[in-house]
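Visitor: My structure is below; once you've seen it, I'll send some questions.
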C-alpha cells in the first residue's frame, strides 16, 4: 500500500497523539518565565514536523508530478493558524 | 494540505471551484453558504477517494486507509507520476477578496494563548492540564499570527530611537488588542469590537542600541463596566524588542492577566476570572504554517486599520 508521504498520513496522526509536557511554574511578576511557559513546548508542536502545504493548486500539481493522492484538512479557522 | 474553509468555500476562482466540486462530490453541498470543513482525500484531478468531518483519530485513520485502497484500485495510467497534468494558475485570476498570500512587506509574529492556573500554595502560575477539573478543551496553546507592516515598525523604532520612547500607533495597538488578545484556546473566538477596548497603552522604551522594552496594559470588555461584562481580559503587557529601521530581529511580548467569558464557538470556558496569557514571538520564515494569515484578517482593511473599522 502506498503512503501519503510527503503529504503524509502517518505524521497527521501525531496531531491527535501529542503528549503535552507541562512547563514549570512561574512567578506572576517574572514575565519572561511566563512567556516561556505560554510558548508551545516541543512535545506540543509535533504537527509542525509534517510538511503541510497551504496552496491547494500547487499541492495538486505536486501530487500529480509525484503520482500520489492528496489529503486535505479543511476547517473553519485554519488548522495551522487558528486555535 | 491544509486550508481555511471560510476562504475556500467563498472563492470565485479556479481554486474555489475545484474545492466546491470536490466537497459536493462528498455530499458537502454547503447549503446557504455553510461550512464544508472536514477531511478530504482525492486524486490530483479531483476524484474523491474519501471524506468525513469527525474529530476522532480512529475515524481519520479508517477513512484514510479506505481511501488508499481506492487509490490502489485505480488504473496505473491514472496513478503514475506525471499521468495528470495541471497547469499553473494565472495569479491575476485569483479572487483577491478571499485569497491572503503572505505579503512581502510584513513581519510575521507567532501568537500563542494559553489558559493558566495558580498554584494554591505558592501563587505561581502554571500551565493548565487535562487534570484541571471541569476543563475538557483548551488545555493546550493556541496558534495564530500577527502581521506588522515593515513601515509600521520602521516608523515606530525611529520615533523611539529619537525620543527615547514611543507609543504604538493606534492602528497597530488596536490590531494587537482586538484580534490577538483573544481566547482562541477552544475554537474560533469572537474578536473585540473597537468600543470594547476600554483602556490601552503600549510603549516602546529604548534600553540600548537597537534594544527596547515594552510596557503597557489593556482592558477589554463587552460592557463598559468590567464587573458586569460577560467577557473580558484585563492584562498587563510586558516585553522586549530588538531591531532597527532596517529590520526587526526580536519581538517578545506577553499579555498576562485575568480573562473571563466565552463566545458562540468557544464554549466551555472556566467559570469566573482566570489567569490567561498571550505570548508573541518573531516567526521563523520557512517554518510550517508561517504563511498562514492571521485569523482576524478576513476583512483585510479592518485588520490593518483596526482603529477605524
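Visitor: Averaged over its residues, how many other protein chain Cβ atoms are within 10 Å of peptide B:139-149's Cβ atoms?
Guide: The mean count of partner-chain Cβ atoms within 10 Å per residue comes to 4.
Visitor: Could you work out the mean count of beta carbons from other protein chains within 10 Å of each residue's beta carbon in A:36-46?
Guide: 6
Visitor: At a 10 angstrom cut-off on C-beta neighbours, averaged per residue, how do the peptides B:30-39, B:152-161 rank from highest to lowest?
Guide: B:152-161, B:30-39
Visitor: Among B:226, B:75, B:294, determine the one that fluctuates most according to a GNM of chain B built with springs between C-alpha atoms less than 10 Å apart.
Guide: B:75
Visitor: Which of B:244, B:110 has the fewest other C-beta atoms within 10 Å, and how do the rest follow up to the most?
Guide: With the sparsest Cβ surroundings first, the list reads B:244, B:110.
Visitor: When only Cα pairs under 8 Å and 6 or more residues apart are kept, what is the percent relative contact order across chain B?
Guide: 16
Visitor: Could you give the angle, 0 to 90 degrees to the nearest 10, between helix B:14-25's Cα long axis and the longest principal axis of the Cα atoms of chain B?
Guide: Its long axis makes an angle of about 60 degrees.
Visitor: Okay, next question. Taking each residue in B:7-19, count the Cβ atoms of any other chain within 10 Å of its Cβ, then average. What number comes out? Please report the intermediate quantities before stating the final value.
Guide: On the way: counts 3, 4, 2, 0, 1, 0, 1, 2, 5, 1, 0, 3, 4.
The per-residue average across the peptide is 2.
Visitor: Tell me, B:309, B:52 in order of fewest to most beta-carbon neighbours within 10 Å?
Guide: Arranged by neighbour count, lowest to highest, B:309, B:52 become B:309, B:52.
Visitor: Of B:216, B:289, B:123, which is the most mobile in a GNM of chain B whose springs link Cα atoms less than 10 angstrom apart?
Guide: B:123
Visitor: Would you kindly state how much longer the chain becomes between residue B:87 and residue B:10 on full extension, computed as 0.36 nm times their sequence separation minus their alpha carbon distance, in nm to one decimal?
Guide: On the way: separation 77, 0.36 × 77 = 27.72 nm, distance 2.21 nm.
Net length gain for the segment: 25.5 nm.
Visitor: Is the shape of the stretch B:160-216 rounded, prolate or oblate, going by the alpha carbon gyration tensor and its root eigenvalues a ≥ b ≥ c, with a/c under 1.5 for rounded and a/b larger than b/c for prolate?
Guide: Prolate, since a/c reaches 1.5 and a/b exceeds b/c.
Visitor: Can you tell me the orientation of helix B:170-180 relative to chain B, as the angle in degrees between its alpha-carbon axis and the longest Cα principal axis, to the nearest 10?
Guide: Orientation of helix B:170-180: about 60 degrees from the principal axis.
Visitor: A follow-up question, please. So what's the angle, to the nearest 10 degrees on a 0 to 90 scale, between helix B:150-163 and the longest Cα principal axis of chain B?
Guide: Tilt relative to chain B: about 10 degrees.
Values in this text are rule-based calculations from the coordinates and carry no lab data. What you see is a predicted model, and the numbers here were worked out from it, not measured in a lab. Counting neighbours? That spans all protein chains shown, and the Cβs are built from the backbone with ideal geometry, glycine included.
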